[in-house]
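See structure below.
The values are calculated or read from the model by the stated rules, or taken from the named source; none is laboratory data. Remember, predicted model here, so these are calculated numbers, not experimental data. We place every Cβ from the backbone using ideal geometry, glycine too, and count neighbours over all the protein chains shown. Ligands, DNA and RNA are excluded from the accessible area calculation, which covers all protein heavy atoms including side chains. Shrake-Rupley method; radii C 1.70, N 1.55, O 1.52, S 1.80 Å.
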Amino acid sequence: MKNFYLTTAIDYANGSPHLGHAYEKILTDVIARTKRLEGHNVHFLTGLDEHGQKVQQGAEKEGISPQERCDKVASEFQEMLTKLNVSHDDYIRTTETRHKKVVSNILQTLYKKGEIYQTEYQGFYSTRAEQFLQEKDKVDGKWPEIFGEVTEITESNYFFKLSKYQDWLVQHITENQDFILPTNRQAQVLEFLKEPLNDLCISRPKERLSWGIPLPFDDNFVTYVWFDALVNYYSAVVSKDPDRENFWPANLHVIGKDILTPPHAVYWPIMLHASGLKTPQSILAHGWWTTSGAKMSKSTGETVDPLSLVDQYGADSFRYFVMREMTVGQDAEFSLERFQSRYRADLGNDLGNLLSRLLHMTQSYVDGVVPAVNLCESYEIGLQERWEKAKNSMLQHFRAYRFNLGLEEIFGFVRAINKYADDRLPWKLAKSEDPQDLQTLRACLSTMLEGLRLVSVAISPVMPTVHAQIHERLALPSIKLWEDELVWGDTLTGKTVKEKIILFPRD
Ligand code: MSP
């Protein structure tokens, strides 16, 4: 079985989980579940980025130790993952020994190779952004508000020879068209690489920041956040269990567009290449959810936290909404009205009603036992053909991370089943005494049930719970491979389906 190792960004331990964090984990989960259904041996990593000044300051404010604060935040983030039904295989925290050891080893290797050097540095420093600034960061001659207090400092620090690898990176990106996804982001990275790269300052003096991993060759310093955080993708699979080593290099890093250039597209591949390690296959940069401020507004003027919708409507409705609305790579605005309209129309009216109506008819007309299809007329053939088209196009979209379009295909097919029922009118056929009509009724029910089974298989990466509920109602076992399951057939013949249920209650 082919390995597929994928990761999310690790979230900062300096705040609570929000919609942006949730979206990224759902997106990666949908990819992980799809890959499993395609027969890959998936390893899915997510985690928490626990070092840095803000975590240290946050802990001071609360009067607890930084580790205690991280533990609190870690359980909050892990709760979110459970609530969203994210199927990660591992959760890494950068304060774990398994991680710190690997960061130290990489730094030591690079230092020995002469890739890291010490020098005096004079410049402007923003404590709020935890970064050195340059004149070009000024707006109208002033430091923008986001940097907070900016002070001029002179300090000795360690630098990593980033600039030495600039040409290598440009060539790597150009030769590996799937390295940066969606491909339209590639141009941005190459544009950034048109300017000469500066070497990267990879240390912070301990007196300014103590909450970090000490440099193995000089413990007056700790490691700069990115040099620590990025390594998680590697440390998680090499240190815990020797069997996991073969998961490196990663197949896919899923991250937000804000941390593509320079951290993931520039620092990370160069760090790996300079250490003699393989680079990841692809980095997928998604866009941002905007919420007109941090929260959404109800028409009453009250505000609502998008994550509270998970409690109210269930994880699958939320997962469906974010995957259906967002074009991966672009930004989207979160709106309660849009959420509710998708919930009521796509989920309630189209899918939910199909299930309950169909189960009810199967119970009432054929005692719940799925009949064999012994009649195939243009209506039935038409629906089967509609499925073939929807399936092929859905698979293509899913493989290219165009989940919104893939879902549109699946739900287009749901509506086609409903339309088929309106054309065939099983409720009328059921009242007829003519044996030919009753034959048509049986064919109609089994055709619709087979269509519903295929829909349930197709939505499973996005709505795993709804999928399991539908399959349970249809008396079907759990699914393994998409290639076997997405085929129109007669798996259901002779099975006794269960009573109807309401999947998406009216809100
Ligand atoms: N700790 C760093 C990542 C280190 S990865 C080696 C970080 N953390 S973060 O908590 O600020 O962000 C975590 C992820 O959430 C990032 O990929 C970021 O792009 C994403 N999002 C944060 N806000 C977001 C939205 N509003 N919308 C979508 N995703 C956004 O960056």
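Summary table
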| quantity | calculated |
| --- | --- |
| Accessible surface of the chain [probe 1.4 Å, protein heavy atoms]: carbon and sulfur percent | 48 percent |
| Nearest-ten-degree value, helix 66-83 long axis tilted from longest Cα axis of the chain | 20 degrees |
| Calculated FRET value between LYS278 and LYS194, using beta carbons and R₀ = 35 Å, to 0.05 | 0.85 |
| Along principal axes, Cα extents of the range 335-473, largest first, whole Å | 50, 29, 25 |
| Probe 1.4 Å, accessible area per residue of the range 335-473, Å² | 40 Å² |
| Efficiency of FRET between LEU336 and LYS113 - r from beta-carbon atoms, R0 60 angstrom, step 0.05 | 0.65 |
| 37 °C / 0.692 mPa s Stokes-Einstein diffusion coefficient of the chain, Kirkwood radius on C-alpha pairs, µm²/s | 129 µm²/s |
| Over the chain: helical MRE at 222 nm, DSSP H runs n ≥ 4 each giving -39500 (n - 2.57), nearest 500 | -14000 deg cm²/dmol |
| Calculated FRET value between ASP140 and VAL487, using beta carbons and R₀ = 60 Å, to 0.05 | 0.40 |
| Where labels lie 7 Å past Cα in the beta-carbon direction, separation of ASN392 and GLU60 in nm | 6.4 nm |
| Point-to-point label distance, ASP178-THR151, nm (Cα→Cβ direction, 7 Å offset) | 4.9 nm |
| Computed P(r) (all Cα pairs; the range 15-120; 10 Å bins; percent) | 13, 31, 30, 20, 5, 0 |
| Potential lengthening between LYS164 and LYS257 on full extension [0.36 nm per residue; Cα-Cα distance subtracted] | 31.0 nm |
| Close Lys-Lys pairs in the range 335-473, where close means Cα under 26 Å and separation is 8 or more or interchain | 4 |
